[in-house]
Each structure stands twice: as structure tokens, then as C-alpha cells.
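Beneath this line is the structure, given in C-alpha cells, with notes to follow.
Just so it is clear, none of the values below were taken in a lab; they were calculated from the coordinates. Predicted model only: the values in this text are computed from it and were never measured. Glycine gets a Cβ as well: all are built from the backbone with ideal geometry, and neighbour counts include every protein chain shown.
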Amino acid sequence: MLRTAALLLALPLSSIAFAQTAPAPASAPAAAAPTESVATINARVNAALPADQAAMKAHVMFLSSDAMQGREAGTESYNVAAQYVASQFYSAGLTPAGTDGSYLQTVPLVSYKPASKGSFRYTPRGGSAAPLVFGEEYLPAPDPSRAKTVVDAPVVFVGYGIDAPRFKRNDYAGVDVKGKIVAFFAGAPASFPGEERAHFGNAANKAVAAQAKGAVGYLTLESPTSAKVRPFSRLAESYDSARMTWARPDGTGFFAAPDAPALGSLSMTGAEKLFAGARTSWASVVKTAETPAARFKAVELPGRLAIELATTIAPVTSYNVAGMLEGSDPQRKNEVVVLTAHLDHVGVGTPKNGDAIYNGAMDNAVGIAAMIEEAKRFKASGTPPKRSILFLAVTAEEKGLVGADYFAHNPSIAKERMVANVNLDMPIITYKFEDVIAFGAERSTLGGYVKAAAAKLGVTFSPDPMPDQGLFTRSDHYRFVQQGIPSVFLWPGTKGPGKAAVDEFFAKHYHQPSDSMGQVPAIDWESGTRFIEANYMIAREIADAPERPEWNKGDFFGTLYEGYGAK
């Protein structure tokens, strides 16, 4: 939920080691002893499943099996998973909506990382140039748009790097940053609403703002808070880990602000050197940063910083999987409701209890399974939707919503046809949910459709239970929001047993090898099919509605990205 196509038939069935064996006989004990293992509980609970539950489970068994090696974007195991989803889209009666008449949309990616420790040399006003110390005072950032990055410019401190008139905040007030490097703290003020806070705290969004003001790059400063959460020395241990983005036609990596790239990070010790002799002392900045409602005065620092960076850039190919269900209404079928779920997970990583495969059963094999079975429900209904529906399994979500971003910028259908997005990411179905959540529901008319569908299903609709987490900006739907398309992100709710189940998953299994069918608490397949039905009803409500979805007037995201109905 936050990394050469292979044919499915090329993988021998004998090589597929599923995380769970066949269901136990119907005569399995009805009650579990206190020492009963999770695997035994799973086998007992899932014995003799009804057909719809068995179908969902079958998808999850395959996609989260050890043979899929964690479905990391750009790997052959991910490609097999993509072919599997394509075959299921065919079975559901969807028409190909990818590249060159296929179900697969080729997604050109680049993997990039620092090629060296780089060089940071600071020249204070009236003084001599002196190097900063790698790992203690600075860490370099890779630049996906070029192999070598050279910047020599003054540095301006701009607080959090936020210009937000709606919230009466402009961290750039009183300074001119044209041709200069900006330095700011990560994140955004605690006083901002959760979703807007996540938006303004996003480094790429800050870079876009910096580029618009003429900055030539940005530095992220260590703060007292970040130093406690993750010390600079720990960041240094993984400074050269690979990142991923999608590739432009010339092979360079996409970054939203190529003229104001990330240049690196400065520790508090490194920042103190740059502030020496400044009108505002570093000590006072640090003291202000410790307050939740911190407001900083922008200040140009008395010196120049010369930075040289080298980046290794390697091409990688992955795939989105796209299938279309054409609408039946002569006018409305040209409008498309896009349903998304990410197919990738984080692959093979650090072993935990001897297990290095991060299977991603809940994150997000369950979401993909729900989308496949939702498509089959439309086919089984015998009544096509009024609007067309695009079912889209995206790659590289775990690398930063990359596959969805590529599709949003390079859609396989005309962009103006897309009128709504409904996203499924990591629905936790280890309990019987009593309500549903749709992050972003209050921002557009999509919220009304979600509430209507929930009522038909016999569950309640609940507001975002974690507004401070800013989840509306942290999954694939955000890339559609940035294109002005009304979007929601669906989850089973946290009423009743939900909160404890969600808390347990995040505490013990999120992005861990234990997110597998044999290790998470027993998956409740009945809840899984109820969630599928909820998704189906929501998509049906949106697709059949007389009016196209629109943003609520004045909504922050709708207005910012010029979405339909916002102004």
C-alpha cells in the first residue's frame, strides 16, 4: 500500500508452492483448542467454501503464493501475476484496454540510485569553501532525470516549503528564491487538516511549488522530531537504495519538478553550518520546529552551496493490466468509471523468522481478487452498466504510486472520458465488518453513491477514522485526483471488531512476510464476498447515475486540479 512479459502457462503447476494447502475435510473439528495454529484455523474455517468465496480465495492463493516472490514491479514473477489477471479479465468478459490491443499496458520504468557519495561544499560569505561530511552532515539524493547534477547557488531557508493561501500560510514570504536552492523541513504543520496536510507535506508537491518560484533544487533538513524517529546515521545506511519512477520517451525518469530536483538531506549539524552568521539562528529555528503550530520566517543564508551528484539510471519494464466493460447507454457509455487496485507488492527482502518472501496477501492480492470478482458480477447480472467501466490493475504502487501515475499521464483511453475513480487497496477482511469507509467521500458526489450502496448492503457508512493519517493521498486514487478526477478509496470499516483487527494487521503484518495466507489471522471469506458486493453496488450506482460525478463546489483538491464541478 506506499516498488519481458512471461506467459502464465510457462510456469509449471508443480513449481507453485501455495501458502496454504487444500481445505480440510468437512469433518474437521468445529471448535479450536487454545493451542490451535493459525494454519489449522485457516484450514478449518475455509473448509467447503461456497463457490463465490472459493473463487476469491483461489485468486489470493495464487497471487500471494511463494512462487510469486512478492510480485515486485519489474520482476518475472510480477509479469506472471499480470498475465494471470489478464486471463481473469478475459474470463470476466472484459475487452482489452491496454497497449496494442492487449490487456497489458507497457509501463516503462527506471530504477535510479546515487552512483557515489557526491560532493557538498559550502562557502560562507567572506570565507573559504569547505566540504560537508558525508553521512554526518549531508546525504546526496539521486536525480532520475539526469546522470549528473551540478548546482552552485545561494541557499534560502523556507520553513516547511509551503505556499497555501487557503490556510493563510506562505513560507516563501519576503524572499526571492529564483536561481537559488531552497531548504525546508519534511512534512507539514499539524494545524492543517489531515488530507491537506499529507498533500502539502509531499516532497514532490513541495518541489513543484519551489520550481514555480524559480528555485534550482531543494534540500530536506533534519528536524528534532525526525532525528528521534530515524537518526541521520540510520538514513546513511540506506542512502544508496534504489528508487523507481516511470520513464519519459527519452529514457530519463519522470519527476514532477525536473528543474528543482531533490539535491539531498542535511543533518542538524550540517544545517547549523549553513546558518552560521544568518539573521535567524539555527538554534531558534530548531526551537520553533519543536512546536506543533510552527511558523518560520524565510531567510537567505549567508553563503553558497556547491553540489555535485551522480545518479545510476537503469531501465525496467512492467505492466498495468486493463480491461473494459462497455456501457449500454448511447450517451453515457463514452464516460468511463475507472476501478483500480495495485497488483505489485514489495518482493523478497530482509528475512523475518526465516521467511524472506513478502507475499502481500492482504496488500493487495485481496484487492485484486475483489476487482476480478466484481467484474464477473457485472457479467453475471446480465445488465451492462450505463457508463463504461475500466478495470485497472496497476504496477509499482509500492514504489510511490508509479504505475497509476503513468496511466494518469498516459492513459490507454482518452483522458476526458474518465469521470470517476474507485480504488481498492489492502481491504482487511479478517473480521465481519459492520460498516464501510470511503476516504475522500465528502469531497465529491461519489460519497452519495457510496452511502446508497452501503444502505442496500445493510451496513452503515462511516467517516474517515484516521484523518491525521492522510490516507486520501497515499494510494493510487491520488494520481487520478491530481488529474482532476473525483476519486474515493474504499475499505471495510472499523466498527465493532474492525478497529482491533486493523490495528493488529498494521502492528504485526503490514509489509512483513507474515502478510500471507498461512500467517495472518484467519481470512473471513464471507466478509470478502460481502466487500466484493459492496464494491459492485458502488460501481453500479456510479455507472448508472443520471449525472456524471462531480467535485463539491470549493473542494480543495477539486479546485486545485480544476476538476469538474469544483468551481
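Here are some notes:
- Restricting the GluC sites (Glu not before Pro) of the range 273-326 to loop positions (DSSP other than H, G, I, E, B) with no more than 12 neighbouring Cβ atoms within 10 Å leaves Glu290.
- Put in line by how crowded their Cβ is, counting other Cβ atoms within 10 Å and starting with the fewest, Asp344, Asp176, Asp143, Asp100 read Asp100, Asp176, Asp143, Asp344.
- Ranked list, fewest to most other Cβ atoms within 10 Å of each Cβ, for Thr340, Thr529: Thr529, Thr340
- Convex hull volume per residue for the range 112-314, taking Cα atoms only, in Å³: 117 Å³
- In order along the range 369-375, the Karplus-derived 3J(HN,Hα) couplings, from 6.51 cos²θ - 1.76 cosθ + 1.60 at θ = phi - 60°, round to 4, 4, 5, 4, 5, 5, 4 Hz, and Gly and Pro are given as x.
- Label separation (Asp329 vs Thr95): 1.9 nm, computed from points 7 Å beyond Cα along the C-beta direction.
- Among the GluC sites (Glu not before Pro) within the range 353-416, not one is in coil by DSSP while having at most 13 neighbouring Cβ atoms inside 10 Å.
- For the pair Thr106 and Leu560 in one chain, pulling the backbone fully straight at 0.36 nm per residue adds 160.5 nm over the alpha carbon distance.
- Under 25 Å of direct C-alpha separation, and excluding same-chain neighbours fewer than eight residues apart, Lys451 reaches these lysines: Lys333, Lys376, Lys379, Lys386, Lys432, Lys495, Lys499, Lys553, Lys567.
- Cross-link pairs Lys117/Lys352; Lys180/Lys206; Lys117/Lys287; Lys117/Lys297 - those with Cα-Cα distance over 25 Å: Lys117/Lys352; Lys117/Lys287; Lys117/Lys297
- Among the trypsin sites (Lys or Arg not before Pro) in the range 520-553, those placed in a DSSP loop whose Cβ has at most 16 other Cβ atoms within 10 Å are Lys553.
- Calculated FRET efficiency for the pair Glu526/Arg166, C-beta based, R₀ 41 Å, to 0.05: 0.40
- Normalising the Debye intensity of the range 499-566 to I(0), with uniform scatterers on Cα atoms only, and taking log10 at q = 0.13, 0.14, 0.24, 0.25 Å⁻¹ returns -0.70, -0.75, -0.97, -1.01.
- The range 226-266 - Rg (one decimal) and Dmax (whole number), Cα, Å: 13.8, 41
- On the principal axes of its alpha carbon atoms, the chain extends 83, 55, 47 Å, with the longest extent given first.
- The range 185-243 and the range 427-504 have Cα centres lying 27 Å from one another.
- Distance (nanometres) between label positions extended 7 Å along Cα→Cβ at Lys228 and Asp176: 4.0 nm
- Net length gained if the chain between Lys567 and Ala129 were fully extended (0.36 nm per residue, minus Cα distance): 152.5 nm
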